[in-house]
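Just below is one structure, and these are the notes that go with it.
The values are calculated or read from the model by the stated rules, or taken from the named source; none is laboratory data. None of the values given here were measured: they were computed from a predicted structure. When we count neighbours, we look across all protein chains shown, and the Cβ atoms used for this are built from the backbone with ideal geometry, even at glycine. Side chains included, ligands, DNA and RNA excluded: accessible areas come from the protein's heavy atoms. Shrake-Rupley method; radii C 1.70, N 1.55, O 1.52, S 1.80 Å.
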Amino acid sequence: MEKQKYLDDLQDIKTIMDRSSRFISLSGMSGVIAGISALVGAYLAYSTVYSGQDYLNYRHANLSFYNLTILFSIAVGVLITSIVGGIYFTHQKSKKTNQNIWNSQSKRLIINLLIPLATGGIVCLILIGKGLIGIIAPFTLIFYGLGLINASKYTLSEIRSLGMMQILLGIVGCQFIGYGLILWALGFGVLHIVYGIVMYKKYEA
């Protein structure tokens, strides 16, 4: 019985150490909201960019300044919805786990996520300026995946697997540029929803 008590104590210590080094209040519902927002945004973007083209054929995009403005507005809308939803559901989960939503772990998480994202954002702006629109969607997947992998040290380990899948989709999108938006919807939309549901059932249900 004493041996079992020591093992239980060690497990408790391990749990406390893991809790103090990782931000574990990240809600699975945040992923679901982000995924739904991405799918809606992808549909609106697809209607803007590829209107009048056969769905089954390889698509070509010729974007005017007006279309770029619409796409930028869609992107901002998706980003704001995802951030607001993420903050809300993460805050709700943090109250259940008695963990402060803004602490040293969440700061490290955000910083390590933002470094690749900011880099990717700058690269994509440069590509847009040079008219290389086709590889924007794959590059956002790749840099986002790198951000997730970089941030996974400070949150749930499953984030790393999600990041690797995003990078893989981005690489495929670089090869099949005409299907970049479809792959973007799969990565930011479907994968986020699946990941969110799995994380919710595993850690919150």
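Things to note:
- Stretchable slack from Lys153 to Val84, in nm (0.36 nm times residue separation minus alpha-carbon distance): 22.5 nm
- Among 165-172, 112-119, the order from most to least packed when residues are scored by Cβ within 10 Å on average: 165-172, 112-119
- The residues Leu132, Leu191, sorted by heavy-atom accessible surface at 1.4 Å with ligands and nucleic acids left out, run Leu132, Leu191 from largest to smallest.
- Spherically averaged projected area in nm², based on the convex hull that wraps the Cα atoms of segment 146-205: 4.0 nm²
- Cβ-Cβ distance of Ile197 and Ala75, R₀ of 25 Å, FRET efficiency by 1/(1 + (r/R0)^6): the value works out to about 0.55.
- At 1.306 mPa s and 10 °C, Stokes D of segment 113-189 from Kirkwood alpha-carbon radius, µm² per second: 129 µm²/s
- Over segment 72-205 - Rg/Rh using Cα atoms and the Kirkwood inverse-distance radius: 0.99
- Sparse-neighbourhood loop sites, chymotrypsin sites (Phe, Trp or Tyr not before Pro) in segment 159-205 - DSSP loop, at most 15 other Cβ within 10 angstrom: Phe176
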